[in-house]
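Structure, as structure tokens:
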Amino acid sequence: MKVLYRFFSRRLFWLAWLALIVLLLSQLFGRIYWQLELFSHYLPHVAILLLLASCFYPVHKKYLVSRQIQLGVRLGFGLLGGILLLLSLQSLSMLTQNVNPPDSTIAPLTIAYQNVNIGNQQAKQTLAQLTQFQPDVLILLEAGGENWQQPLQTLITENYYPIHCQHKDNSPFAMQVFVHQSNAHCEVIKFADFPAIKITLPNLPNQRSIYAVHPPPPINSDLAHARNQYLHALKQHLLSTNLQGNYLIIGDFNLSAFSPIYRDFIADSKLQRATPRGLPTWLPFAISIDQILIHSRQNTSSTNDINIQVQPLAWVGSDHRGFLLSWE
């Protein structure tokens, strides 16, 4: 048993050091090297690894350092792992929010969103979960191809949503948006040759805009560059367009809140995050790449001041989880 403990604890120790170094490099040079930026998304995983390494520190006579140094490294791993984990779980209270809209004299706008996966084998069940709340706005990414033809046609014939806007494509960049408000305006726009959909909702009593976005995944150098171009074009659009009222950006960003590129984007665009940083939204790697960002014309410093609640939904059919939003 001691041999196995020594074997695994040593490898866990060195793996923790390696992960910590790579995470640091991803934060310092992720803007330059797209391969390094990929590792920035795994900050919660590194936090757990550091805590495990602290608990199962390999102490034995072959180490050429004093026990005081060993204890210092062990405590350092535990402290740093705890800090990183707290950063990852920021706004954890969002997970316990009630699905029911809050009491208010103004009826909140409800939005259901999910990247539903073009290859979804449970398309009907996925759509049923999203529509059971009868949201005012329904946003579906990757809703294209054969699996989604019949469920979408059923939704259209129900006629609950008079406004339907889509980027029809047999690819992961298909988009479907359904709006219950009959005087809403909806349009497909392009950023770096990839689609987004803008929804304008007048008279709520204040006008609001929603952008459904889906930058490409950074699976190679060209697509990583295209993703960054997409976000840059979106930022320029937001800053140059005279948008009335508050607006929301929602979608599969293909990057997490721990990415330096993400931090630059929300800082330059003056956006606020409305989802927990480390809440897993994509499997199999359990990272948070679906983002909900909001901009208030009142320049409030907290999403609580602009009354938005975000409820994560169960994993059904897709490799991405869905969300229900209540926005006053």
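Coordinate-derived values only; no laboratory data. A quick note: this is a predicted structure, and the numbers were derived from the prediction, not measured. Methodologically, a virtual Cβ is constructed for each residue, glycine included, from the backbone with ideal geometry; neighbour enumeration extends over all protein chains shown.
Peptides 209-215, 118-124, 6-12: what's the order by average Cβ count within 10 Å, highest mean first?
In decreasing order of mean packing, 209-215, 118-124, 6-12 become 209-215, 118-124, 6-12.
Over segment 2-88, what per residue volume does the convex hull of the Cα atoms give, in whole Å³?
Details: hull volume 8.6 nm³, N = 87.
Value for segment 2-88: 99 Å³ per residue.
Which order do the peptides 38-47, 218-227 take when ranked by the mean count of other beta-carbon atoms within 10 Å per residue, highest first?
Order by mean packing, descending: 38-47, 218-227.
With angles folded into 0 to 90 degrees, how steeply does helix 146-158 sit against the dominant principal axis of the chain? Use alpha carbons for both and round to 10.
40
Within 14 Å, Cβ to Cβ, of Glu146, how many net charges do the neighbouring residues add up to if Lys/Arg are +1 and Asp/Glu are -1?
Numbers: positive: Lys124, Lys168; negative: Glu142, Asp169.
Within the 14 Å Cβ shell, the charges total 0.
If each residue of separation counts as 0.36 nm, what is the full-extension length gain between Leu87 and Ile48 once their alpha-carbon separation is subtracted? Provide the component values of the computation, followed by the final result.
Values: separation 39, 0.36 × 39 = 14.04 nm, distance 1.22 nm.
12.8 nm is the gain from fully extending Leu87 to Ile48.
222 nm [θ] for the chain, helices only, -39500 (n - 2.57) per DSSP H run of 4+, per residue, to 500?
Computed mean residue ellipticity for the chain: -12000 deg cm²/dmol.
Please give every one of the aspartates and glutamates within straight-line cross-link reach of Lys168, meaning a C-alpha to C-alpha distance under 14 Å, and leave out same-chain neighbours fewer than 8 residues apart.
Glu142, Glu146, Glu187
Sorted by mean Cβ packing within 10 Å, highest first, what order do the peptides 164-172, 257-265 take?
257-265, 164-172
Antiparallel versus total DSSP beta bridges in the chain: what percent is that, nearest 5?
80
Calculate the dipole size of the chain relative to its Cα centre from +1 charges on Lys and Arg beta carbons and -1 charges on Asp and Glu beta carbons; express the result in debye to the nearest 20.
Details: 22 positive and 17 negative charges, 363 e Å.
For the chain, the charge dipole is close to 1740 debye.
Assign one of three labels to segment 123-228, namely rounded, prolate or oblate, based on the Cα gyration tensor with a ≥ b ≥ c the square roots of its eigenvalues; rounded applies when a/c is under 1.5, prolate when it is not and a/b is larger than b/c, and oblate otherwise.
oblate
If you line up the long axis of helix 221-240 against the longest principal axis of the chain, both from Cα atoms, how many degrees apart are they, to the nearest 10?
So the helix axis and the longest Cα principal axis differ by about 50 degrees.
Assign unit charges at the C-beta atoms only (+1 for Lys and Arg, -1 for Asp and Glu), then state the dipole size of segment 194-268 relative to its Cα centre in Debye, rounded to the nearest 20.
Dipole of segment 194-268, to the nearest 20 debye: 180 debye.
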